[in-house]
1. Give the number of residues within the stretch B:188-207 that are basic (Lys, Arg) and at the interface with another protein chain (Cβ under 9 Å from one of its Cβ atoms).
2. Need a quick list: helices (runs of 4 or more DSSP H) entirely within the stretch A:321-440 having at least 3 residues that are of a type in the set (S, T, N, Q).
3. Of the numbered conditions (1) surrounded by fewer than 23 Cβ atoms within 10 Å (Cβ to Cβ); (2) hydrophobic (A, V, I, L, M, F, W, C); (3) not in a loop (DSSP other than H, G, I, E, B), A:LEU213 satisfies every one except a single condition; which is it?
4. Do any residues in the stretch B:244-257 that are over 30 Å from B:LEU181 (Cβ atoms) and touching a residue at least 12 places away in the same chain (Cβ under 8 Å) have Cβ atoms under 7 Å from those of residues that are charged (D, E, K, R) and surrounded by 19 or more Cβ atoms within 10 Å (Cβ to Cβ), where the two are at least six apart or on different chains, and which pairs are they?
5. Any residue in the stretch B:20-40 that's on the phi > 0 side of the Ramachandran plot: show its pairings with residues that are modelled with pLDDT under 95 at Cβ separation under 8 Å, as long as the two are six or more apart or on different chains.
6. So, A:GLY154, is that one closer than 22 Å to A:ARG93 by Cα, touching a Lys or Arg at 6+ places or on another chain (Cβ under 9 Å), surrounded by fewer than 21 Cβ atoms within 10 Å (Cβ to Cβ) and at the interface with chain B (Cβ under 9 Å from one of its Cβ atoms) or not?
7. Quickly run through the stretch B:18-29 and pick out the residues that are more than 7 Å from chain A (Cβ to nearest Cβ) and surrounded by 12 or more Cβ atoms within 10 Å (Cβ to Cβ).
8. So if I check each of B:VAL82, B:VAL94, B:VAL23, B:VAL98, which one is β-branched (Val, Ile, Thr) and in contact with a Phe, Trp or Tyr (Cβ under 8 Å, 6 or more places away or on another chain)?
Amino acid sequence: MTVNETNKIDASCRVPLLVLFGGAAMWLVLGSVLALAASLTFHMPDKFGDCTWGTYGHLQPAADNALLYGFCIPAGLGVVLWIFARLGQTPLRGALVPVIAAHLWHLGVLVGLVGIFVGDSTGYAWLEFPRGGSALLFFAYMLLGLWALMNFSGRREGGMFPSHWFLITALFLFPWIYSMANIMIVGWPVRGVVQAVIAWWFGNNLTFLWTSLIGLGTAFYFLPKFSGRPLHTYFYALFAFWTLIIFGSMRGVPIGAPVPAWLPALSALNSLMLLVPIAAIVVIGWKTIRGGTGQACKGGSYCMIKFGFVSFILSALLLVTSACSHFSQLTQFTWFGAAQTQLQLYGFFTVTMFGAIYYILPRAVGIEFAFPKFIRLQHWLAMTGIILFVAALVIGGVAQGLKLQNPDAAFADSTKAALPFLRASTMGLMLMLLANLLFALNVFAMIGAWKWSLVKTVFAAVIAPLNKPEVKA
Amino acid sequence: MKNGFVIFLAAFGVLLMSWSTFVLLPQLQLGGAKQVAVLNSSDVYPVNRPGEANQGLQVYRANGCAACHTEQVQQTGVVCEVVLTSAGKNPSVVSNLVATLKLRSLTEQEAEAAAGKITAAGGKAETHVIATGADIARGWGLRRSVAQDFLYDNLVQLGSLRVGPDLADVGRRRPDANWQLLHLYAPKSVVENSAMPPFRYLFETKKIGATPSPDALILKKEFAPAAGYEVVPKPEAKKLVAYLLSLHTDVPLYDAPFTALQTSTNAPAK
């Protein structure tokens with residue numbers, strides 16, 4: 001493949017990627033502002049009582065959804081579009097459709113977030129967006145997914161790579177779980193606790209399995225590229241893929257839930273079995289990175305994807321602890337769960353996407369980032385922020401759980417035990433907000449530079465002297 | 001796996017398995033659930049919540065209460081106790097026997113054996129079943145929550161975080177609507193070290209008219225509005241309280257048995 005062809009492929013993704021990543025960067029910043037505000041309600045609960053939207057019950061779901069639906073999914077889809085075009089060596093055709101779909105997606109997120117603030121939330125975690133928002137999201141996802149698959153099936157390079165398996169499965173996963181959950185909980189609701197079981201099934205498949213598939217698919221594309229060694233190996237990847245989708249999709253119901261006992265038991269068993277894909281993924285990562293001859297890390301894309309990879313292992317190991325009934329009795333209903341979710345969505349997925357986007361955007365747009373020094377700073381801020389947040393809430397969660405499980409301790413003691421850790425986690429959120437601002441700054445500057453170059457091109461065309469024959473005529 | 005179609009089939013198969021197990025099977029098992037008999041009683045359970053309480057569930061949802069409160073009492077198991085109800089004709093024999101027996105923290109078989117011995121000696125004994133676990137000890141419920149508790153709810157707010165206490169049984173624990181309203185308006189006025197934010201927007205502060213509103217809250221001095229004003233709950237607040245008061249897990253069921261005892265229901269929980 002010549003440099004020229006590669007440039008063409010990158011350029012074919014330009015406009016869809018700018019819309020997807022630009023909107024994603026905006027939601028990312030908004031989401032972390034909301035998360036910070038939600039966290040502050042614990043430090044000064046009296047200040048937020050006069051307005052409907054200012055309570056934790058509105059701010060936290062909005063922050064979670066802004067991160068997952070606002071950033072993670074559109075960023076992931078953009079990266080998938082580009083990786084498919086690159087792996088298949090086929091330019092993206094009909095880029096107008098993904099551009100429209102990306103706008104629809106961001107509109108859906110806006111509708112959903114407004115819905116949460118005016119009290120139209122559906123009341124189920126990760127499914128809070130009211131119908132209007134979720135219908136837009138579903139439609140936009142179908143268009144984007146379809147375009148990615150059309151590019152895949154029309155690829156010039158006929159082979160299939162491990163990244164393909166992960167990314168294609170994730171493309172199918174979302175429409176299935178999102179439509180099922182919306183139909184059976186929101187549209188034509190089933191009765192009683194089955195709603196809660198479906199919501200848990202959906203939440204696990206989206207926040208754990210979908211993000212894992214996209215994030216690992218991306219990492220398996222970039223790690224060999226950066227380390228200069230081939231992915232180790234095809235068969236390990238195949239094994240990890242199968243075990244991850246089988247065990248990862250069959251869990252999610254917490255221990256002690258008021259549902260038939262086989263559901264939490266099966267979930268716990270499959271949580272334990274997650275050790276199998278984790279082991280395979282550790283081997284793949286270790287053998288692919290170690291002794292690489294490629295570029296040094298230096299706080300750029302490679303660093304971010306490596307950090308995301310380690311976060312995935314840790315986040316999955318935190319999920320495995322839910323298989324141990326004594327430990328999960330202690331940590332359920334505490335901040336421990338929030339720590340795991342944030343590690344998965346931010347430490348693993350968002351940071352991996354940062355790495356991918358920093359690599360992809362300059363190539364797709366053909367302009368370098370305006371503030372290259374911020375990239376390294378951003379990486380350190382994001383990394384310190386998420387480590388602080390997760391470590392604080394894991395320890396705080398255990399401290400809170402020990403008080404909750406001890407009936408002689410007053411309930412207020414459990415809240416008090418977690419409070420210093422909650423303060424530390426607020427600090428972590430502030431660092432992540434700074435990191436997100438730096439990321440957004442670079443992306444927005446890129447979009448601005450691209451628009452400015454468009455204006456210049458048009459202007460140049462307007463004032464260009466006419467050709468002589470035309471003047472004569 | 002060289003072919004996109006193979007991947008599609010793989011993903012489809014695995015998803016179908018996951019969906020059948022976690023969506024279809026639970027619906028087949030529970031979708032047709034009906035009311036069940038209450039243990040040692042002719043009543044059936046559950047009955048639908050009153051209309052205002054069902055509307056209150058929507059207020060609960062809209063305000064994201066489930067972000068901080070769970071509605072699922074958990075228990076670790078049950079223990080049995082044997083209680084002597086009558087010493088019979090030979091009190092000294094029975095009381096000597098009782099002194100030698102272990103009557104608390106028994107399994108069901110041990111309790112039956114102990115009760116059998118007392119009956120054989122001429123006394124009368126009852127076996128009580130008591131749920132165990134931290135939640136029960138806190139007074140958050142008399143038994144664990146079960147699927148049956150949510151049979152008629154078209155929104156099941158089980159929650160996942162306990163920044164605030166569990167609410168599955170709050171209607172039994174705090175049956176006073178006025179207390180609930182005060183707690184919503186100014187949590188610290190009734191629970192000194194509460195971490196709950198005040199929900200003042202569910203209330204209206206207005207000038208006292210010709211006759212004071214009968215609904216007006218009677219607040220402590222530091223929480224009271226300016227002189228000449230009163231705090232009146234909006235309909236949302238009343239619905240929410242109706243919902244909270246409808247939350248009970250105090251009915252013994254086959255799935256979650258316990259012996260209902262006559263105890264004071266106004267005791268505040270720990």
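The values are calculated or read from the model by the stated rules, or taken from the named source; none is laboratory data. Keep in mind that this is a model prediction, so the values were computed, not measured. So basically every Cβ, Gly included, is an ideal-geometry build from the backbone, and we count neighbours across all protein chains shown.
1. Residues flagged as basic (Lys, Arg) and at the interface with another protein chain (Cβ under 9 Å from one of its Cβ atoms) within the stretch B:188-207 amount to 2.
2. In the stretch A:321-440, A:325-331, A:336-342, A:372-404 are the helices (runs of 4 or more DSSP H) which contain 3 or more residues that are of a type in the set (S, T, N, Q).
3. (1)
4. As it stands, the answer is B:PRO252/B:ARG143; B:ALA256/B:ARG143; B:ALA256/B:ARG144, since those pairs meet every condition given.
5. Hits for this filter: B:ASN40/B:PRO252; B:ASN40/B:ALA260.
6. no
7. B:LEU24, B:LEU25
8. Going through B:VAL82, B:VAL94, B:VAL23, B:VAL98 in turn, just one is β-branched (Val, Ile, Thr) and in contact with a Phe, Trp or Tyr (Cβ under 8 Å, 6 or more places away or on another chain): B:VAL23.
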